[in-house]
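Novice: The structure's right below; bear with me while I get my questions together.
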Amino acid sequence: MIRVEFAMFGKKPRQRSCIACRKLENWTDLIRTVLVGNVVKVDLKHRMGGRGAWLHADCFSVATERRSFNHSFKFEGEIKFDELEDYLKNLGN
Ligand SMILES: [Zn+2]
């Protein structure tokens with residue numbers, strides 16, 4: 001599906017930096033997440049509104065250790081990662 005989108009737009013992929021390691025990547029190599037209330041949602045279609053936080057699948061544990069989500073979303077409270085964790089678990093299968 002992602003390749004189809006490239007073909008349609010005919011553009012180079014945009015780059016985003018990972019919130020944990022800060023490395024610039026093509027956005028197709030990162031996962032976009034958004035914060036809804038205090039829950040991190042995985043935005044697979046990149047269509048959800050609001051500020052997105054992008055990260056490598058492998059960087060999730062670093063991101064939580066460094067509170068990168070709090071920084072990125074400018075959110076002080078406790079953030080719930082259940083949905084993102086489930087998504088990452090399924091990726092590993
Ligand atoms: Zn990273």
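Novice: Among (1) under 28 Å from residue 78 (Cα atoms); (2) at pLDDT 90 or above, which single condition is residue 50 missing?
Specialist: The single condition residue 50 does not satisfy is (2).
Novice: Tell me which of these residue 84 doesn't satisfy, since it passes every other one: (1) surrounded by fewer than 15 Cβ atoms within 10 Å (Cβ to Cβ); (2) in a helix (DSSP H, G or I); (3) of a type outside the set (Lys, Arg).
Specialist: So residue 84 meets the others, but not (1).
Novice: Restricting attention to the stretch 26-42, which residues are within 16 Å of the ligand (Cβ to nearest atom) and surrounded by fewer than 18 Cβ atoms within 10 Å (Cβ to Cβ)?
Specialist: Matches in the stretch 26-42: 26, 27, 28, 29, 42.
Novice: If the Cβ limit is 7 Å and pairs must be 6+ apart or interchain, which residue in the stretch 14-31 that is without any contact (Cβ under 8 Å) to a residue 12 or more places away in the chain and among the polar types (S, T, N, Q) pairs with which residue that is more than 9 Å from the ligand (Cβ to nearest atom) and part of a strand (DSSP E or B)?
Specialist: none
Novice: Would you pick out the residues in the stretch 58-86 that are more than 16 Å from the ligand (Cβ to nearest atom) and at negative phi?
Specialist: Those that are more than 16 Å from the ligand (Cβ to nearest atom) and at negative phi: 70, 73, 75, 76, 77, 78, 79, 80, 82, 83, 85, 86.
Novice: What are the residues in the stretch 50-81 that are among the β-branched types (Val, Ile, Thr) and outside any loop (DSSP other than H, G, I, E, B), if any?
Specialist: 62, 64
Novice: Of the residues 74, 12, 45, only one is exposed (fewer than 12 other Cβ atoms within 10 Å of the Cβ), over 21 Å from residue 90 (Cα atoms) and at pLDDT below 95; which?
Specialist: Sole residue among the options that is exposed (fewer than 12 other Cβ atoms within 10 Å of the Cβ), over 21 Å from residue 90 (Cα atoms) and at pLDDT below 95: 12.
The values are calculated or read from the model by the stated rules, or taken from the named source; none is laboratory data. What you see is a predicted model; the values in this text were computed from it and never measured. Virtual Cβ from ideal backbone geometry, glycine too; neighbours counted across all protein chains shown.
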